[in-house]
Amino acid sequence: MRESSPDPLLYDYHPYHRRPPLVWPDGKAVAVWVAPNLEYYEIDPPPHPMRKAWTRPAPDVVGYAHRDHANRVSHWRMADVMTAHGFPGSVSLSVALCQHHPQVVADAQARGWEFFSHGIYNTRYAYDMDEAQERAIIEDSIRTVQDATGQRIRGWLAPALTHTPRTLDLLAEYGFDYTCDLYHDDQVQEVKVARGRLASIPYSLEVNDHYGFFVYNMSGREYADTLIRQFERLAAEGQRSGTVMCIPLHAYLIGQPHRIGPFEEALAHIAADGRAWLATAGEIVDCWRRQQEPSREQVAPTKIEGAEPRLPGMLGR
């Protein structure tokens, strides 16, 4: 019986052990980037027929206030630890934060962090948006972040990880360089889009603090140990061909007083190791992109018998 093929609609299949070597600056083995999610949650968002914004009936005072700890206190606690150990942030930004709490955005900007869009609010979902609505969200994100920070955003993480069949094609059309919405690889990969080009940078669900604390029920110490184990394996494999490690964070979780200490120890371990390139998402994608043109003709994607070509405008269902 023939093995089932990878989904051909999103990206080509390149077996990990057959890829040409990827080289990071100064011979580093693993590119490490930190993705603080700076978010705004509405206390009483408009209802969505496919998904509730809160587990409790709205207004969910408890859920809202818990997350608001990030914008009042724990952002600074998390950011100071990152800065102390030389980690720049690549901010997954709910762009409404630029109006609701501009002080948080200004702090990230002052630290020299990169911004990319996480939608307008993390309580508004993309599932059933029509094309005009989705274009309006993208255009609003570009304009709002540029007005607030002077940066033209280059990347996208869908709000609450929700998409339409046209999301990736629209990102390429609007000139975005990368998406964080595919969790399929430990190296940057090309995404199939109708026009233009788009890269997928490794983000993470596995070492995302949200999953660590809410799904896997880790303690702060267990989460920090998980980050170190993730780093050690990727650094070892990266000696042959450079890998990517993302550390996705939510300040209201990692910035709690009882968790910040073990987290700082994990960052100190990675920074002192010597094998890590501490970079932003944009720097990683740029370095990867420069190495793709010479190798594109040398290594063709593996053909899967029976796989159908991608249909323009389709996001895998």
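By the scheme Lys and Arg +1, Asp and Glu -1, what is the net charge of all other residues having a beta-carbon under 9 Å from that of residue 250?
Neighbour charge sum, excluding residue 250 itself: -1.
Would you pull out the residues with amide H under 5 Å of residue 37's amide H, same chain only if 5 or more places away, H placed 1.01 Å from N?
92, 249, 250, 251
Carbon and sulfur atoms: what percent of the 1.4 Å accessible area of the chain do they account for?
That share works out to 51 percent.
If you keep only loop residues by DSSP, which trypsin sites (Lys or Arg not before Pro) in region 143-184 have at most 14 other Cβ atoms within 10 Å of their Cβ?
Passing sites in region 143-184 are 152.
Enumerate the calculated ³J(HN,Hα) couplings along region 146-159 in order (Karplus 6.51 cos²θ - 1.76 cosθ + 1.60, θ = phi - 60°), each rounded to whole Hz, writing x wherever the residue is Gly or Pro.
Each residue's phi maps through the Karplus curve to give 5, 5, 7, 10, x, 8, 9, 4, 10, x, 8, 10, 4, x Hz.
Once you mark the GluC sites (Glu not before Pro) that are in a DSSP loop and have at most 14 other Cβ atoms within 10 Å, what is the longest gap between them in the chain?
4-205
What residues qualify as long-range amide H neighbours of residue 218, i.e. H under 5 Å apart, gap of 5 or more or another chain, H built at 1.01 Å from N?
213
Calculate how many DSSP beta bridges within the chain are antiparallel, expressed in % of all such bridges and rounded to the nearest 5.
Around 20 percent antiparallel, to the nearest 5.
Taking amide H positions as placed 1.01 Å from N in the peptide plane, with prolines and chain starts having none, which residues 5 or more places from residue 13, or on another chain, fall under 5 Å of its amide H?
Distant-sequence amide H within range of residue 13: 302.
Treating the Cα atoms of region 16-302 as identical point scatterers in vacuum, please give the log10 of the normalised Debye intensity I(q)/I(0) at q = 0.15 Å⁻¹, two decimals.
-1.20
Can you run phi through the Karplus equation (6.51, -1.76, 1.60; θ = phi - 60°) for region 22-32 and list ³J(HN,Hα) in whole Hz, with x for Gly and Pro?
Those phi angles translate into 10, 10, 9, x, 6, x, 5, 8, 9, 8, 10 Hz.
Please sort by residue number the trypsin sites (Lys or Arg not before Pro) in region 237-289 whose DSSP state is loop and whose Cβ has at most 10 other Cβ atoms within 10 Å.
For trypsin sites (Lys or Arg not before Pro) across region 237-289 that sit outside H, G, I, E and B with at most 10 neighbouring Cβ atoms in 10 Å, the list is empty.
So between residue 221 and residue 69, what do we pick up on full extension, going 0.36 nm a residue minus the alpha carbon distance?
This chain segment gains 52.6 nm when fully extended.
Let me know the volume per residue of the alpha-carbon convex hull for region 98-240, in Å³.
Spelled out: Cα convex hull of region 98-240, divided by residues, is 148 Å³.
The values are calculated or read from the model by the stated rules, or taken from the named source; none is laboratory data. Computed from a predicted structure; not experimentally measured. Note that each Cβ is placed from the backbone with ideal geometry, even for glycine, and that neighbours are counted across all protein chains shown. Accessible surface areas use protein heavy atoms only, side chains included; no ligands, DNA or RNA. Shrake-Rupley method; radii C 1.70, N 1.55, O 1.52, S 1.80 Å.
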